[in-house]
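Have a look at the structure below before the remarks.
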Amino acid sequence: MMNNTFICKDLKAELQEYLSSLPHDKLFVLTDTNTQQKCLPLLQDIPAIRNAPLITVPSGDTHKELEQLSFIWSHLSREGASRDSVLLNLGGGMITDMGGFAAAVFKRGIRTINVPTTLMASVDAAIGGKTAVNFNGLKNEIGSFHPPLAVFIDCGFLRTLDKDNILSGYAEMIKHGLISSPQTYASVLALDLNSPPDYTTLNQMVACSVAVKERIVKEDPKEKGIRKALNFGHTVGHALESLSFIKHTPLLHGHAVAAGIICELYLSHKLCAFPMPELSRTVHYIKTHYSPTLFTCNDYDTLCELMTHDKKNEGGTINFTLLAGIGDVRINQTADREKILDSLDFYRESFGI
Ligand SMILES: NC(=O)c1ccc[n+]([C@@H]2O[C@H](COP(=O)([O-])OP(=O)(O)OC[C@H]3O[C@@H](n4cnc5c(N)ncnc54)[C@H](O)[C@@H]3O)[C@@H](O)[C@H]2O)c1
Ligand SMILES: [Zn+2]
């Protein structure tokens, strides 16, 4: 899987060449309603894709569930998919997660190719092999590890993506910068997201971000240890995301993660001596680009409760990944309630909310 992520200069040519040399009987294409309309036309010149049966599901994470899986499997069956067929997932993380899982178990596993069309999917969801659907109101409750055969990334798709979704994916790039190296992090903070992005520069930065995730996943594919580095910002981030759903003001995942990064850098400063100047630079960058994630001290109990029940915890303690410096990751850290509340206060003070 690891050498099969292509950051494309010419997506159509590269994908066409790959497909024509790939032994398979049938190719299927999975899209959601948006990516069918906005992304599929960019690939229609490729004969293998033009002739492939198309499976289209409704867009949005609420559709990443059993009913749509069943729809995908029915379609594959009806069109005669075999063990030698390939499913090409064209979409954001919702499509790469659900298509990946549909393929992982169809006839005990068929191969997938991911063509991510959001920034979130390009730098995170489409790579690393985790696939899942939501179940019984629980996110990613049913899933498996099913690495794609290949991933073709082209930031050209992002031209039609709205700014909130760009910012959401960028939060994972901020995270990848923080857990990797000062150089990578400096380049992340150098990009001004308030002006229209230069897609060539973005493609290079995405390549760098993807390399960070791939290096970590290669070391620890099943998340026994260092893969937990990728959870940085996500303990508080997931709690804020869940709170936003409870309050019926849903946040995009990466926006909650951006707030989580600030809280967890504060904890890193208090518990692992992460340098204050770096914390301040990060707060400044996130404040300049992201709207504040709104919560008050009345939400603290709920947030702590949500963190305690995060599925990544073991034995009732809240598990954090913290940093002693940029690129200096400390997994399996714990923080007491008082410190966690201090970090939430720090976020609110930083954003003046
Ligand atoms: N497997 C993993 O490791 C992993 C990592 C991160 C996130 N995820 C999962 O990914 C999902 C979130 O991914 P996402 O943020 O890409 O969401 P998404 O796939 O729902 O895409 C967001 C929205 O953008 C639309 N869209 C996609 N590409 C577009 C384009 N080029 N132009 C215009 N609109 C476009 C989609 O139709 C959707 O409405 C969640 O389900 C999350 O659990 C998985
Ligand atoms: Zn994330």
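With +1 assigned to the C-beta of every Lys and Arg and -1 to the C-beta of every Asp and Glu, and no other charges, what is the dipole magnitude of the chain about the Cα centre in debye, to the nearest 20? List each step's numbers first, then the result.
Numbers: 33 positive and 38 negative charges, 134 e Å.
Using Cβ point charges on Lys, Arg, Asp and Glu, the chain gives about 640 debye.
One Cα centroid belongs to the range 280-346, the other to the range 153-220; the line between them spans 22 Å.
Separation of the range 257-278 and the range 5-71, taken as the distance between their Cα centroids, equals 39 angstrom.
Each residue of the range 281-296 was assigned a 3J(HN,Hα) from its phi angle through the Karplus curve 6.51 cos²θ - 1.76 cosθ + 1.60 (θ = phi - 60°); the sequence is 4, 5, 4, 4, 4, 5, 5, 5, 10, 10, 6, x, 8, 8, 7, 10 Hz, with glycine and proline shown as x.
Using only the heavy atoms of the protein chains and a 1.4 Å probe, how would 65, 338 rank by accessible area, largest first?
Details: 65 45, 338 135 Å².
Result, largest first: 338, 65.
Residues whose amide H falls under 5 Å from that of residue 140, counting only those 5 or more places apart or on a different chain, are 134, 135, with hydrogens built in the peptide plane. Using the Cα gyration tensor of the range 103-228, with a ≥ b ≥ c the square roots of its eigenvalues, what is the shape: rounded (a/c below 1.5), prolate (a/b larger than b/c) or oblate (neither)? Verdict is prolate for the range 103-228.
Please report, in debye to the nearest 20, how large the charge dipole of the range 5-160 is about its Cα centre when each Lys and Arg carries +1 at its beta carbon and each Asp and Glu carries -1 there. Let's see the in-between values first.
Details: 14 positive and 15 negative charges, 35 e Å.
I would put it at about 160 debye.
Positive-end ranking of 324, 309, 297 along the dipole of the range 183-332, with charges on Cβ about the Cα centre, is headed by 324. Put +1 on the Cβ of every Lys and Arg and -1 on every Asp and Glu Cβ in the range 5-160; which of 133, 7, 123 then has its Cα farthest towards the positive end of the dipole? So the residue we want is 133. Derived scalar couplings between HN and Hα for the range 324-334 equal 8, x, 5, x, 10, 8, 10, 7, 6, 9, 10 Hz in order, rounded to whole Hz, by the Karplus curve 6.51 cos²θ - 1.76 cosθ + 1.60 (θ = phi - 60°), x for Gly and Pro.
Please give the length that would be gained between residue 245 and residue 141 if that part of the chain were fully extended, namely 0.36 nm times their separation in residues minus their C-alpha to C-alpha distance (nm, one decimal). List each step's numbers first, then the result.
On the way: separation 104, 0.36 × 104 = 37.44 nm, distance 1.69 nm.
The residue 245-residue 141 span can extend by a further 35.8 nm.
Between amide H atoms placed 1.01 Å from N, distances below 5 Å from residue 223 occur with no residue 5 or more places distant or on a separate chain.
Among residues other than residue 147 whose Cβ falls under 11 Å from its Cβ, what is the net charge (Lys/Arg +1, Asp/Glu -1)? The partial results should precede the final answer.
On the way: positive: 111, 130, 218; negative: 214.
So the environment of residue 147 carries a net charge of +2.
At q = 0.10, 0.11, 0.15, 0.16 Å⁻¹, what is the base-10 log of I(q)/I(0) for the chain according to the Debye formula with one equal point scatterer per Cα and no solvent? Please give it to two decimals. Debye output, listed in q order: -0.59, -0.72, -1.29, -1.44.
Computed from backbone phi, the HN-Hα couplings of the range 237-249 come to x, 4, 5, 5, 5, 5, 4, 5, 6, 4, 8, 6, 10 Hz, rounded to whole numbers (Karplus: 6.51 cos²θ - 1.76 cosθ + 1.60, θ = phi - 60°; Gly and Pro given as x). Take every Cα pair under 8 Å whose residues are at least 6 apart in sequence, average their separation, divide by the length of the range 18-113, and the relative contact order is 35 percent.
Note on residue 161: accessible area is roughly 40 Å² with a 1.4 Å probe, heavy atoms of protein only. A cut-off under 14 angstrom between Cβ atoms defines the neighbours of residue 111, and their net charge, with Lys, Arg +1 and Asp, Glu -1, is +2.
Helices in the chain, meaning DSSP H runs of at least 4 residues, each add -39500 (n - 2.57). Divided by all residues, the mean residue ellipticity at 222 nm is -14500 deg cm²/dmol.
Within the shell defined by Cβ-Cβ distances under 13 Å, the residues around residue 253 carry a net charge of -3, with Lys and Arg each +1 and Asp and Glu each -1.
For a test of the definition: using alpha carbon positions, the gyration tensor, and the 1.5 limit on a/c, classify the range 277-353 as rounded, prolate or oblate. Oblate, since a/c reaches 1.5 and b/c is not below a/b.
Can you tell me which of 45-51, 258-264 comes out highest on packing, and rank the rest after it, using the mean Cβ neighbours within 10 Å? The partial results should precede the final answer.
On the way: 45-51: 14.7, 258-264: 27.3.
Ranked from most to least packed, the peptides come out as 258-264, 45-51.
Close amide H contacts of residue 55 (hydrogens built in the peptide plane, cut-off under 5 Å, sequence separation of 5 or more or a different chain): 29, 30, 31. Look at the alpha carbon pairs under 8 Å that are at least 6 residues apart: their mean separation over the length of the chain gives a relative contact order of 14 percent. Once all protein chains are placed together, residue 330 keeps about 100 Å² accessible to a 1.4 angstrom probe. With only the Cα atoms considered, the range 5-160 has a convex hull volume of 96 Å³ per residue.
Specify which residue in the list 185, 263, 340 is farthest towards the positive end of the charge dipole of the chain, using unit charges on the beta carbon of Lys, Arg (+1) and Asp, Glu (-1), about the Cα centre. My answer, from the dipole projection, is 185.
The values are calculated or read from the model by the stated rules, or taken from the named source; none is laboratory data. Keep in mind the model is a prediction, meaning the values are calculated, not measured. Heads up, the Cβs are rebuilt from the backbone with ideal geometry, glycines too, and the neighbour counts pull from every protein chain shown. These area figures cover heavy atoms from the full protein model, side chains too; ligands, DNA and RNA do not enter into them. Shrake-Rupley method; radii C 1.70, N 1.55, O 1.52, S 1.80 Å.
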